[in-house]
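Worksheet for the structure shown next.
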Amino acid sequence: LSDDTITLQQIFLSKSDFSTSLDYNVDDLQAAFQKSTGIATLPIVYCKGTLIGDFKTSKDSILYGQIGQQRTMHSDYSYDLIVIGGGSGGLACAKEAAEQGLTVALLDFVKPTPIGTSWGLGGTCVNVGCIPKKLMHQASLLGESIHDANHYGWEINEKYSHSWQKMKDNVQNHIGSINFGYRVQLRDRKVKYLNAFGTFVDQHTIKAVDRRGKETMLTAKDFVLSTGCRPRYPDIPGAKEYCVTSDDLFSMERCPGKTLVIGASYVALECAGFLSGLGLDVTVMVRSILLRGFDQDMSERVGKYMADNGIKFIRPAVPLGIEAIKTDDGNRILCVNYSMLDNGNKAQEKFDTVLLAIGRDPCTENIGLKNAGVTVEKNGYIKTIGERTNVSNIYAIGDIQYDKPELTPSAIHAGRLLARRLIGISTQQCDYDNIPTTIFTPLEYSCCGLSEEVAAEKLGDDAEVYHAQFMPLEWTIPHRDENSCYLKLICDKRDQERVVGIHLLGPNSGEVMQGFATAMKCGATKAHFDDTVGIHPTNAEWFTTLRITRRSGQDVKVTGC
């Protein structure tokens, strides 16, 4: 037996509730275990048919009291776990818990928007968020590519046009296939799926009501809330009667036409960006700053690029009301009354579509949280510690958590880790620091870590900013603006210039940022970036050549290859 195996054996035998036999032929088993588990070293530990892991993982699990406490269905309850909300995080949690042996039910119910839009299983990301947004962003980028192609020698017919109907149908067909796939995955993992609205009766009981009004009482040892957020409507005349939100936009039967986007959130700017890229007349009404919560230097650069490329901004302004006027052809025009905040002047403008994107509210009302004893903040969010609410058997993941990133990948990651902790095979918590994200505006903005404002607040004069403007090689032939793209590293001088923030405005920035986010997780310093040989010619290589600091005051405009 190896030393690691003997160590585990001794730990097992020190626990009175364990019996163990770990003497096996290593040569006969190691290759088979590596193929089935992906773990190349022995020993490997299983408990009740569940893979625990390698030496370190198993040792930690034993010492933390996790092994031996794997849960089986409690006879007093209908399920071990009920997940309320079938978005990305809820699905990930439910599937992981079921795979690990818990009996699981998942409830998902979409209340239609004021104009009647609804969708299938999968939550915001799949149906009315990340997926359709990225696909329509791609459609707009292809329009840009058509303009560029002529400079590269392609003879393009100048009469090309875009079909909203065809794009919308293809996007919705893809979403439908994902919805179906999710239902199959739940069935294969024996997760009970209910298309029903769940309301707590007490901390172990919920009432599920389906679309026909049929009520079912369900009980569980534990609950996970993953209800997400929905778009907010302003308290002005005509908002719910005549406006749409991102919940409606991606399935609209008609082309939006001349569009006013109200708001300066990432949803607002992303939607304005791809609508403009599809050739529509787009205006954005902004109350104050762009992209609140993001680096403001980067945010203003995003807005400038959009304005330079034909998107109009009304700023600073707020809407006062929306009226609908019927036209002679039987259609309608929306008249938007608004007020300028800098001088108080009032004005009116007409649009075909008004898209509201002023923020999102958590879906925590009317689900009986008070009956279960769960504390909810005034803004509807739920404070958690390790995803656990103030009630010991009720957890929350995803967008409804107080002061946590409202991002699909973090919800998925947190959901999976929570399921493993509930089953008792892991103690790992979700790390919410340094989570990268990308805003898919016409020129993509991606970031990870601290904004320049937060870095200055936390580090003071020890925050060092290295930055540069750059021009993608692909832009040289069509003669695009050479100084629109920009990047910066924010470093902590006190800690060997460890990178605490990284920001990139440029094409495909999300693909670039994913790798650098891993480097940040590993504690990358400016010296690590300097010592890395860049891939030429790429946008990402600029991070390996940064020399100018903001405090130096030197010009960062593009000077050549």
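Structure summary
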{"read-out": "Average accessible area per residue (Å²) across segment 160-217 - probe 1.4 Å, nucleic acids and ligands excluded", "value": "63 Å²"}
{"read-out": "Å² per residue, accessible surface of segment 395-440 at 1.4 Å", "value": "39 Å²"}
{"read-out": "Virtual spin-label span in nm between LYS346 and PHE180, 7 Å along Cα→Cβ", "value": "5.3 nm"}
{"read-out": "Square roots of 5 times each gyration tensor eigenvalue, C-alpha, segment 113-242, largest first, Å", "value": "41, 20, 13"}
{"read-out": "Highest average packing first - 85-91, 258-264, 516-522, Cβ atoms within 10 Å", "value": "85-91, 258-264, 516-522"}
{"read-out": "Estimated 222 nm signal from helices in the chain, with DSSP H stretches of n ≥ 4 weighted -39500 (n - 2.57), rounded to 500", "value": "-9500 deg cm²/dmol"}
{"read-out": "Mean separation of Cα contacts under 8 Å (6+ apart) over length of segment 204-337, as relative contact order %", "value": "20 percent"}
{"read-out": "Equivalent ellipsoid semi-axes - Cα gyration tensor, segment 178-235, angstrom", "value": "21, 20, 13"}
{"read-out": "C-alpha long axis of helix 3-13 to longest principal axis of the chain, angle in °", "value": "70 degrees"}
{"read-out": "Extent along principal axes [Cα atoms of segment 176-284; Å; largest to smallest]", "value": "52, 35, 26"}
{"read-out": "Of (1) 0.95; (2) 1.01; (3) 1.03, the label for Rg/Rh (Cα atoms, Kirkwood Rh) derived from the coordinates", "value": "(2)"}
{"read-out": "For the chain, share of DSSP beta bridges that run antiparallel, in % to the nearest 5", "value": "70 percent"}
{"read-out": "Contact order relative to length of the chain, as percent, for alpha carbon pairs under 8 angstrom and 6 or more apart", "value": "13 percent"}
{"read-out": "Cα pair distances exceeding 22 angstrom across segment 421-561, given as percent", "value": "40 percent"}
{"read-out": "For peptides 144-156, 348-360, sequence by mean Cβ density within 10 Å, most packed first", "value": "348-360, 144-156"}
{"read-out": "Accessible-area composition of the chain, carbon plus sulfur, in percent [1.4 Å probe]", "value": "50 percent"}
{"read-out": "Burial order of peptide ranges 327-333, 291-297, 222-228, 168-174 (average beta-carbon count within 10 Å, highest first)", "value": "222-228, 291-297, 168-174, 327-333"}
{"read-out": "Net lengthening on full extension, ILE333/GLN138 (0.36 nm per residue, minus Cα-Cα)", "value": "67.3 nm"}
{"read-out": "Pairwise centroid distance, computed over Cα atoms, of segment 378-434 with segment 105-119, Å", "value": "23 Å"}
{"read-out": "Average Cα contact separation per residue, segment 95-243, under 8 Å, 6 or more apart, as relative contact order %", "value": "29 percent"}
{"read-out": "Trypsin sites (Lys or Arg not before Pro) lying in DSSP loop within segment 81-161, provided at most 16 other Cβ fall within 10 Å", "value": "LYS159"}
{"read-out": "For segment 390-432: span of alpha carbons on each principal axis (Å, largest first)", "value": "27, 23, 13"}
{"read-out": "Extension gain from GLU453 to THR532, taking 0.36 nm per residue of separation minus the Cα-Cα distance", "value": "25.7 nm"}
{"read-out": "THR375 versus ARG494: modelled label distance in nm, points set 7 Å from Cα along the beta carbon direction", "value": "3.1 nm"}
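The values are calculated or read from the model by the stated rules, or taken from the named source; none is laboratory data. Here the structure is a predicted model, which is why all the values come from computation and not from measurement. Don't worry about glycine lacking a Cβ; one is built from the backbone with ideal geometry, like all the others, and counts go over all protein chains shown. Surface accessibility is based on the protein's heavy atoms, side chains included, excluding ligands, DNA and RNA. Shrake-Rupley method; radii C 1.70, N 1.55, O 1.52, S 1.80 Å.
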